[in-house]
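Since the structure comes first, as structure tokens, the remarks are kept for the end.
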Amino acid sequence: MRTYSFQEGFGDTIRRTMRTIAVVDEDGQLAGRVMRGEIEGCERARTFRWETPAGERTQIGVRTMTARSVVGRLLRPSYAVTHAGPESDGGPESDEPAGVLKDRIGENILYFAVEGTVHGHRVVILEDWDGTVVVEVRPKGAKKRRIGRFSSGGLLTRTQVQVDEDAVQELCQGQAPTSTVLFGLLILMPYIHRVYKEEAGLIEELLG
């Protein structure tokens, strides 16, 4: 496991703008940056982008609710994931859809629980008993692979993301780990976890 860390900013999940946040590895070297993203059909204030110095990027955003889906948005939000390589022109229109994640209905009332498919990989993200969040890839007919885990630092401490780079590289057919959609997902999920924590109280009120 290799550890990456960054300091989440105040108001990153509620403001339309956000400052750029540096992500460093355990040696203090810059690995990339997190910033506000842009995905069509997703909430502007709840869309985030991971970008490497070489230009690869992954985005994840909470899908926008409609007048008919307010309850559904709270009870089972869904998240769009996009990815782009370094050859992209820099505009959001060049990002390719990479997958969709959804809260696991029922479980998400008790703890952070998300699953879906990203670049053909079934991804399951579950909060552990100690408050850390485990991210696994569960191939059909094969043993599940834990690709990482994270501990959200919030406003007072740094967020820590542990990545099994060998597993990520193997699953992504030999690509450099930091350039893959799975790595980008690991870096960005702490922000989705924070969104979940902020909305947990609303769900409790809704269910009485």
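Here, each number is a calculation from the coordinates, and none is a lab measurement. Here the structure is a predicted model, which is why all the values come from computation and not from measurement. No Cβ is skipped: glycine too gets one built from the backbone with ideal geometry, and neighbour counts run over all protein chains shown.
Given axes a ≥ b ≥ c from the Cα gyration tensor, I'd like to know whether the range 2-206 is rounded (a/c under 1.5), prolate (a/b larger than b/c) or oblate. Since a/c stays below 1.5, the shape of the range 2-206 is classed as rounded. What is the range 120-197 by shape, rounded, prolate or oblate, if you read a ≥ b ≥ c off the alpha carbon gyration tensor as root eigenvalues and call it rounded for a/c under 1.5, prolate for a/b larger than b/c, and oblate otherwise? The shape class here is prolate. Each other residue within a Cβ distance under 15 Å of residue 11 adds +1 if Lys or Arg and -1 if Asp or Glu, for a net charge of +4. In a fully extended conformation the segment linking residue 44 and residue 20 would gain 7.1 nm over its present Cα-Cα distance, using 0.36 nm per residue.
Farthest towards the positive end of the charge dipole of the chain, among the residues 22, 32, 191, is the Cα of 191, using unit charges on the Cβ of Lys, Arg, Asp and Glu. With 23 Å as the limit, the listed pairs 102/197; 140/197; 143/197 have 140/197; 143/197 beyond it between alpha carbons.
Residues within the reach of a label modelled at residue 27 (point 7 angstrom out along Cα to beta-carbon, backbone nitrogen below 15 Å), restricted to the range 141-184, are 177-178. Between the alpha-carbon centers of the range 17-70 and the range 93-161, tell me the distance in whole angstrom. The range 17-70 and the range 93-161 have Cα centres separated by 15 Å. Helix content alone sets the calculated 222 nm mean residue ellipticity of the chain: runs of n ≥ 4 DSSP H residues at -39500 (n - 2.57) each, divided across all residues, give -6000 deg cm²/dmol.
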